[in-house]
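*Asks:* Before anything else, here's the structure in question.
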Amino acid sequence: MKTRFAPSPTGPLHLGHAYSAMLAHDMATAAGGTFLLRIDDLDQSRSRPAWESQIYDDLHWLGLDWPTPCRRESECLSEYDAALDRLWDMGLLYPCTCSRRDIREALSAPQETLREGPDGLVYPGTCRATPSGPRPHHATLRLDMAKACEATAAPRQFTETGPQHAGTITLTGDAMIRDVGDVVLSRKDMGAAYHLAVVVDDAAQGITHVVRGADLFQATNIHVLLQALLGLPTPIYHHHDLIRDAHGKRLAKRDDARAIATYRDEGLTPADIRAKVGLTRPEAQTIGAISSVSSPTTEV
Ligand code: GLU
Ligand code: ZN
C-alpha cells in the first residue's frame with residue numbers, strides 16, 4: 001500500500017490537514033506500506049518556501065516520516081505538459097477565453113441552467129470547438145467532456161472505502177456532462193490545473209490508496225476519467241470526513257482555525273493532536289478501525 005498527503009504550501013497546516021496526513025500515514029503503516037509527502041506547489045503565485053518548511057516541521061513534529069526528497073509539483077511541469085499534449089492530440093481539449101463573468105452571462109440565458117460542479121459552475125460550452133494545429137501554451141484549455149466520455153470505454157468506476165460512500169462508484173457519461181462539464185485542465189498562468197496534475201502525480205508515484213477529505217469526493221469522477229484517457233491505473237480512494245468543530249462547522253472554513261504550530265507553541269503534544277481529531281496511536285489501529293472513524297469533531 002502506498003498513500004500520500006499532498007498539501008499546498010500556501011498557508012499553515014490546521015487540524016484538518018493533520019488528520020488527513022496522520023490517517024494516510026497510519027493506513028500505510030498498518031499495512032506495512034509507504035506514506036509519501038508531495039508538495040502541491042503548482043500555483044507558484046501563492047506557494048512560499050517558508051510554508052513548505054513549516055509543513056516539514058509540523059509533520060515531523062506529529063511523528064510522521066516519508067522518503068525524501070519528496071515530489072514537488074513545480075519540478076514536474078514537463079510531465080503535465082506531456083499529458084496535455086496527449087489529450088490535445090486525441091482532440092479532447094479546446095482553448096477557452098471566457099472570463100468568470102462571460103460564463104455567468106452565458107448561463108443566464110433562458111435555456112441554460114446554473115449548475116455548480118466539482119470545479120465551479122458547469123461551463124456552458126461557449127468556446128467549444130474542434131482543435132487543430134499545435135497545442136497553444138499559456139492558454140486556458142478545457143476538456144470536451146462529451147468527447148472524453150465517448151473516448152473511454154464503460155464502465156468507468158472506482159472503489160471508495162471512505163465512511164460516506166463506501167462501495168463501487170460508477171461514472172455515467174450523462175452525469176459527467178450534466179454535473180461536471182468541460183473542466184479546465186490547463187491554466188494560462190500555471191500550466192497544468194490541479195485535476196490534471198493530481199492524476200499524473202498519483203500515477204507517477206504509484207499511489208495505491210488516495211486518502212483525502214470528503215470535499216474532493218465529487219472531483220474524483222474527473223480524476224478517474226482522466227486516468228482512463230491517459231491509460232493510467234486508478235487507485236482506491238478513501239475520502240475521510242472533514243474535521244468539524246463542536247458546532248458542526250468545518251474547521252477549514254473557520255477564520256480562527258488554529259494552526260498546528262500554534263498548538264505546539266501552546267505546549268500541546270502530538271498525542272493531544274491525535275486525541276483532538278479522534279485518532280489513536282498508529283500501532284493500535286487496523287484499517288478497518290480507521291475506516292470506521294466517522295465525523296470527527298473537535299473543541300478548538
Ligand atoms: N493540494 C490539494 C489540497 O490540498 C491536494 C488534494 C488531493 O489530495 O488530491 O486540496
Ligand atoms: Zn470560453
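*Asks:* Just a yes or no: is a residue in the stretch 147-160 open to solvent by less than 50 Å² (accessible area, probe 1.4 Å), at pLDDT 95 or above and away from ligand 1 (no atom under 16 Å from the Cβ)?
*Replies:* So far as the stretch 147-160 goes, yes, one or more of its residues are open to solvent by less than 50 Å² (accessible area, probe 1.4 Å), at pLDDT 95 or above and away from ligand 1 (no atom under 16 Å from the Cβ).
Here's the yes/no breakdown for (1) among the polar types (S, T, N, Q); (2) under 22 Å from the mean Cα position of the chain (by Cα); (3) farther than 24 Å from A82 by Cβ:
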site	(1), (2), (3)
E105	no, no, yes
S108	yes, no, yes
L121	no, yes, yes
G125	no, no, yes
A129	no, no, no
P134	no, no, no
R142	no, yes, no
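*Asks:* Can I ask one more? Residues in the stretch 130-137: is at least one within 30 Å of H240 (Cβ to Cβ), away from ligand 2 (no atom under 16 Å from the Cβ), basic (K, R) and open to solvent by 10 Å² or more (accessible area, probe 1.4 Å)? If you could, list the steps in order and put the result at the bottom.
*Replies:* The first filter runs over the stretch 130-137 and keeps only residues within 30 Å of H240 (Cβ to Cβ), leaving none.
No - not one qualifying residue is present in the stretch 130-137.
*Asks:* Moving on. Could you tell me whether S78 is more than 16 Å from ligand 2 (Cβ to nearest atom), among the hydroxyl-bearing types (S, T, Y), over 30 Å from L15 (Cβ atoms) and open to solvent by 70 Å² or more (accessible area, probe 1.4 Å)?
*Replies:* So S78 passes the test.
*Asks:* While we're here: Examine the stretch 124-132 for a residue that is more than 16 Å from ligand 1 (Cβ to nearest atom), out of contact with any Ser or Thr (no Cβ under 6 Å at 6 or more places or on another chain) and outside any loop (DSSP other than H, G, I, E, B), and state whether such a residue exists.
*Replies:* Scanning the stretch 124-132 turns up no residue that is more than 16 Å from ligand 1 (Cβ to nearest atom), out of contact with any Ser or Thr (no Cβ under 6 Å at 6 or more places or on another chain) and outside any loop (DSSP other than H, G, I, E, B).
*Asks:* Still on this structure, I have one more. Inside the stretch 49-100, can you point out the residues that are under 30 Å from A271 (Cα atoms) and within 16 Å of ligand 1 (Cβ to nearest atom)?
*Replies:* Residues of the stretch 49-100 that are under 30 Å from A271 (Cα atoms), as a first pass: 49-72.
Scanning the stretch 49-100 gives W51, E52, Q54, I55, Y56, D58, L59, L64, W66, C70, R71, R72.
Here's the yes/no breakdown for (1) surrounded by 20 or more Cβ atoms within 10 Å (Cβ to Cβ); (2) at pLDDT 95 or above; (3) part of a strand (DSSP E or B):
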| site | (1), (2), (3) |
| --- | --- |
| A197 | yes, yes, no |
| D201 | yes, yes, no |
| I207 | yes, yes, no |
| V210 | yes, yes, yes |
| I222 | yes, yes, no |
| L225 | yes, yes, no |
| P233 | no, yes, no |
| H238 | yes, yes, yes |
| L242 | no, no, no |
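*Asks:* Looking at the stretch 1-31, which of the residues that are buried (at least 24 other Cβ atoms within 10 Å of the Cβ) and charged (D, E, K, R) is farthest from ligand 1 (Cβ to nearest atom)?
*Replies:* If we take residues in the stretch 1-31 being buried (at least 24 other Cβ atoms within 10 Å of the Cβ) and charged (D, E, K, R), then D26 is farthest from ligand 1 (Cβ to nearest atom).
*Asks:* Quick check on my filter: what residues within the stretch 46-69 are over 19 Å from the mean Cα position of the chain (by Cα) and of a type in the set (G, A, S)?
*Replies:* The answer is A50, S53, G63.
*Asks:* Quick one: how many residues across the stretch 182-195 are assigned to a strand (DSSP E or B) and within 16 Å of ligand 2 (Cβ to nearest atom)? Working first, answer last.
*Replies:* Keep residues of the stretch 182-195 that are assigned to a strand (DSSP E or B), which gives 184-187, 191-192.
Checking the rest, the ones that are also within 16 Å of ligand 2 (Cβ to nearest atom) come to 184-187.
Within the stretch 182-195, residues that are assigned to a strand (DSSP E or B) and within 16 Å of ligand 2 (Cβ to nearest atom) number 4.
*Asks:* Which strands (runs of 3 or more DSSP E) does the stretch 1-120 wholly contain that include 3 or more residues that are under 21 Å from I222 (Cα atoms)?
*Replies:* 2-5, 93-95
*Asks:* For the stretch 91-119, give me each residue that is loosely packed, with under 14 Cβ neighbours inside 10 Å and under 22 Å from D189 (Cβ atoms).
*Replies:* T97, S99, R100, R101, R104
*Asks:* Go through the stretch 120-129 residue by residue and tally those that are of a type in the set (V, I, T) and open to solvent by 70 Å² or more (accessible area, probe 1.4 Å). Give the steps one after another, and end with the answer.
*Replies:* Taking the stretch 120-129 first, the residues of a type in the set (V, I, T) are 122, 126.
Checking the rest, the ones that are also open to solvent by 70 Å² or more (accessible area, probe 1.4 Å) come to 126.
Adding up the residues that qualify gives 1.
The values are calculated or read from the model by the stated rules, or taken from the named source; none is laboratory data. Predicted, not measured: the structure shown is a model, and the values here were computed from it. For neighbour counting, all protein chains shown are included, and Cβ atoms are generated from backbone atoms with ideal geometry for every residue, glycine included. What goes into the accessible areas is simple: the full protein's heavy atoms, side chains included, and nothing from ligands, DNA or RNA. Shrake-Rupley method; radii C 1.70, N 1.55, O 1.52, S 1.80 Å.
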